[in-house]
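> Below you will find the structure I want to go over with you.
The values are calculated or read from the model by the stated rules, or taken from the named source; none is laboratory data. These numbers were taken from a predicted model, which means no experiment stands behind them. Cβ: placed from backbone, ideal geometry, glycine included. Neighbour counts: every protein chain shown. Ligands, DNA and RNA are excluded from the accessible area calculation, which covers all protein heavy atoms including side chains. Shrake-Rupley method; radii C 1.70, N 1.55, O 1.52, S 1.80 Å.
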Amino acid sequence: MNRRIMDIALEEARLAAERGEVPVGAVIVRNGDILAQAGNRTRELCDVTAHAEIAAIRHAATALKAERLPDCDLYVTLEPCAMCAAAISFARIRRLYFGAEDIKGGSVVNGPQFFSQPTCHHAPEFYSGIGENEAAKLLTQFFRERRI
């Protein structure tokens with residue numbers, strides 16, 4: 001686990017919030033080198049699949065000219081949803097590190113627990129709670145401002 005990498009994901013989340021997006025950021029690393037970093041862009045692109053994890057996976061795959069990323073680790077500020085968990089599995093991401101748990105939409109330790117399903121082709125090692133307080137604070141502040 002590399003806290004510096006999670007800090008970069010948190011910065012991507014802050015940038016997403018500045019764009020009016022739900023503040024989620026993701027970074028993919030291989031051998032300590034950053035291959036891709038992204039934040040949510042669903043509103044900007046009018047694309048429900050434009051989650052930070054999906055964008056980072058796409059960028060990393062393009063950079064490596066490979067559809068699978070078996071020696072890569074993904075850092076993301078929020079527990080991935082089912083769509084992103086499936087993409088992580090299909091991309092064969094080695095390790096997943098995430099910040100805040102998502103009780104409503106998460107699919108790793110909450111909800112359907114995607115990687116525990118017998119139909120899951122590949123389950124990465126996963127670790128939660130890295131940068132959890134900062135990630136949760138960004139999300140709470142973002143949604144609080146929209147309710148005013």
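> Which whole-number percent gives the relative contact order of the chain, counting Cα pairs below 8 Å spaced six or more residues apart?
It comes to 20 percent, rounded to a whole number.
> Please list the radius of gyration and Dmax for region 30-76, considering alpha-carbon atoms only, with Å as the unit.
11.1, 34
> Here's another thing I want to ask about it. Dividing the convex hull volume of the Cα atoms of region 1-71 by its residue count, what figure in Å³ per residue is obtained?
In region 1-71, the Cα convex hull volume per residue is 81 Å³.
> Hey, how many Å between the Cα centroid of region 33-94 and the Cα centroid of region 99-116?
When both Cα centres are located, 16 Å separates them.
> So if I take the alpha carbon set of region 88-148, get Rg, then get Rh from the Kirkwood formula, what is the Rg over Rh ratio?
My calculation puts Rg/Rh at 1.07.
> Give the calculated FRET efficiency between residue 123 and residue 146 to the nearest 0.05, with a Förster radius of 35 Å applied to their Cβ-Cβ distance.
0.55
> Turning to a different aspect of this structure: Once you have the Cα-Cα distance between residue 92 and residue 33, take 0.36 nm times their residue separation minus that, and quote the gain in nm to one decimal.
Stretched fully, the residue 92-residue 33 segment lengthens by 19.5 nm.
> Could you do me a favour and compute the accessible area per residue for the chain, 1.4 Å probe, result in Å²?
52
> Based on the alpha-carbon gyration tensor of region 43-99 and its eigenvalue square roots a ≥ b ≥ c, which shape applies: rounded if a/c is under 1.5, prolate if not and a/b is larger than b/c, or oblate?
Oblate.
> Leaving out ligands, DNA and RNA, what percent of the accessible area of the chain is carbon and sulfur, probe 1.4 Å?
51
> So if each residue of separation counts as 0.36 nm, and I subtract the Cα-Cα distance between residue 62 and residue 47, what length gain in nm does that give?
Working it through step by step, the gained length comes to 3.5 nm.
> Provide, as a two-decimal number, the C-alpha radius of gyration of the chain over 2.2 N^0.38 Å, N being how many residues it has.
Cα Rg divided by the expected 2.2 N^0.38 Å: 0.95.
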